[in-house]
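Let me begin by presenting the structure, written as structure tokens, before commenting on it.
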Amino acid sequence: MTAHDLRRRQVERLMFAATMLAAATTLGVLFFLLGYIAWQGATSVSWAFLTRLPAPVGEPGGGMANAIVGSGKLLLIAGLVGIPVGFLGGVYLSEYGRGPIAFSVRYAADVLNGVPSIVIGVTAYALLVVPFKHFSTLAGGVALGLMMIPVSLRTTEEFLRMVPDSLREASLALGAPRWVTIVRVVIPAAMRGILAGILLSLARVAGETAPLLFTAFGNRFWSEGWLQPTASLPVMIFTYAIAPYDDWHRQAWAGALVLLTLVLGANILARMVLVRSGGLGRSS
Amino acid sequence: MDATAPAPGSDVIPAKLSVQALKVSYGDAVALSDVNLEIPEHHVTAFIGPSGCGKSTFLRCLNRMNDHIPGVRIEGRVRLDGEDIYEPRVDPVALRRRVGMVFQKSNPFPKSIFDNVAFGPRVHGCKDPVQLRELVERSLRQAALWEEVQDRLDGSALDLSGGQQQRLCIARALAVEPDVLLMDEPASALDPIATAKIEELIQELKTHYTIAIVTHNMQQAARVSDYTAYFYLGRLIEFGPTDQLFTNPSRPETEDYITGRFG
């Protein structure tokens with residue numbers, strides 16, 4: 001073995017070790033996070049926590065039922081805003097988008113993706129809180145919906161692009177108009193991927209706190225309607241975590257565990273949807 | 001290079017498709033120029049030539065599939081039953097119902113066998129389930145696939161073998177009931193047995209359809225076609241009855257190619 005060969009092997013071993021270390025760090029951070037939250041939260045999660053309203057300060061017990069329902073309502077509105085816009089925009093970009101307009105749409109989506117979430121919150125505040133003179137579920141949901149748009153749009157586009165052109169040609173050659181081709185061939189072939197992408201974008205915004213601070217605001221009771229402020233898990237966790245009471249801290253951990261479980265569940269569901277599609281349903 | 005070569009005997013056999021002074025370019029690159037030829041009805045016409053000679057581009061002009069390629073420019077005339085298919089009032093969607101196409105790589109939809117064949121008729125408004133079943137069965141029989149798939153019409157088309165998938169694509173094209181069937185190297189990705197089946201099928205189909213087939217396999221052209229056109233570097237070099245072109249080509253370039261001196 002020459003000195004050159006020896007050196008080559010050493011470098012290879014070193015590089016391999018470096019990549020392994022990076023991979024292990026990623027995995028380690030995730031498991032540390034999951035484990036620590038589970039350990040801290042598990043002791044405080046109970047049936048009462050999931051079904052009761054927050055207790056008044058100084059009184060033990062109570063739960064976050066209103067925050068769980070509130071997060072659900074916020075995500076519903078977010079979905080109503082983010083899914084249609086993201087989905088249809090993605091279809092446009094993949095199937096029709098050419099030239100400067102498509103370029104601007106794509107660029108805008110990427111920029112929007114990078115806009116700090118607090119700024120999105122301010123925007124929703126100006127658009128929906130100031131005119132109604134109320135913090136509201138609606139404003140919070142719209143803020144989250146705006147955050148969903150870039151991710152759901154780009155994932156929809158990516159999955160539609162993965163549909164081979166040969167399928168589009170097959171349909172066109174059978175005398176199907178362009179839109180029929182898109183609706184009956186292209187979208188069904190990419191549906192699972194699109195669904196998974198939308199689920200992931202919902203999971204992503206489910207944990208957002210900043211856009212909700214001055215839109216949905218917070219509420220220690222059941223929200224009285226879509227135009228009234230509502231509690232949400234992330235904001236509740238934030239409020240409880242910075243409070244000076246030990247009891248609240250434990251509840252914050254419990255809330256974090258619930259939120260994490262929901263987000264993780266959505267992620268796993270998305271993976272399952274994606275895996276069962278077997279790479280767009282084409283075996284070759 | 002004068003490439004004008006009407007099909008000998010075309011005065012007896014009516015031309016289904018007639019092409020005049022066809023020129024196709026992508027931006028500045030000319031893919032085809034000065035192509036004149038007539039495709040006779042109820043016969044098989046083969047287009048041969050080395051890779052990149054424009055034979056596929058030519059085929060795709062016949063059902064306007066090139067329209068979807070950005071930057072393409074098509075000049076000249078292509079007449080189907082005497083009517084110019086590039087006239088502005090001709091709807092390419094309606095044209096493709098009359099001129100079907102089978103592609104090089106089989107491209108079944110990720111749907112059931114039945115839904116693949118029923119796709120075209122459904123798109124064109126056929127909703128009656130009885131009629132659809134009949135049409136699907138007839139098309140699969142015509143494509144010599146019925147016996148193999150009749151028990152699993154609801155199974156995924158992607159579970160079929162490569163040769164079966166290609167025959168499914170032929171059945172799918174036939175279900176639209178076109179006049180002309182264009183085939184772009186339909187057997188190039190298949191094993192010899194599957195290829196033989198497709199070739200046999202082409203022979204049976206020509207009684208009802210006018211068939212134009214691109215192939216880079218000269219033996220295949222000799223076996224299946226009645227007329228052969230030889231393309232080279234974007235030009236039509238020679239066009240005539242297949243046996244004549246293969247045994248007694250009139251141009252030296254053709255002879256070089258079919259004797260294997262190049263290509």
Item checked: Column: log10 I(q)/I(0), Debye, Cα scatterers of the protein assembly as shown, q = 0.07, 0.09, 0.10 Å⁻¹ -> -0.60, -0.82, -0.90
Next item on the list: Give the relative contact order (percent, whole number) for chain B; include only Cα pairs under 8 Å separated by 6+ residues.
Entry: 28
Item checked: Volume in Å³ per residue [convex hull over Cα atoms, computed for segment A:154-284] -> 137
Note to self: Would you work out the Kirkwood radius for segment B:38-103? I mean one over the mean of 1/r across all pairs of different Cα atoms, in Å.
What the structure shows: 13.1
Check: In deg cm²/dmol, rounded to 500, what helix-only [θ] at 222 nm does chain B give when every DSSP H run of at least 4 residues adds -39500 (n - 2.57) and the total is split over its residues?
Finding: -9500 deg cm²/dmol
Item checked: Shielding of B:94-104 by partner chains, average beta-carbon count, 10 Å -> 3
Next item on the list: Find how many whole Å separate the alpha carbon centroid of segment A:90-150 from the alpha carbon centroid of segment B:155-184.
Entry: 44
Check: Within the set B:105/B:206; B:23/B:105; B:16/B:206; B:55/B:206; B:23/B:197; A:73/A:133, which residue pairs have Cα atoms separated by over 24 Å?
Finding: B:23/B:105; B:23/B:197
Next item on the list: Please list A:139-152, B:245-258 highest first by mean number of surrounding beta-carbon atoms within 10 Å per residue.
Entry: A:139-152, B:245-258
Item checked: Total formal charge among the other residues, if their Cβ is under 13 angstrom from that of residue A:175, Lys/Arg +1 and Asp/Glu -1 -> +4
Check: Given 10 Å bins starting at zero, what is the percent of C-alpha pairs of segment B:124-250 in each, up to the one with the largest pair distance?
Finding: 11, 39, 31, 14, 5, 0
Margin query: As I understand it, the value is the acute angle between the Cα axis of helix B:113-123 and the longest principal axis of the Cα atoms of chain B; what does it come to in degrees, rounded to 10?
Written below: 70
Notebook entry, point to check: Within chain A, which DSSP H helices have Cα atoms that stretch 15 Å or more along the helix axis and a mean Kyte-Doolittle hydropathy of at least -0.5?
Noted result: A:3-42, A:65-91, A:99-114, A:137-161, A:187-206, A:246-276
Margin query: Return the Rg/Rh ratio of chain B with Cα-based radii and a Kirkwood Rh.
Written below: 0.97
Checklist line | Net charge over other residues, Cβ less than 10 angstrom from the Cβ of residue A:230 (K, R count +1; D, E count -1) | finding: 0
Item checked: Sparse-neighbour loop sites [GluC sites (Glu not before Pro); segment A:165-257; at most 12 other C-beta within 10 Å; DSSP] -> A:224
Note to self: Need the C-alpha centroid separation for segment B:65-127 versus segment B:213-258, integer Å.
What the structure shows: 26
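Readers should treat all values here as calculations from the given coordinates under stated rules, not as data from a laboratory. Here the structure is a predicted model, which is why all the values come from computation and not from measurement. All Cβ positions, glycine included, derive from the backbone under ideal geometry; neighbour counts span all protein chains shown.
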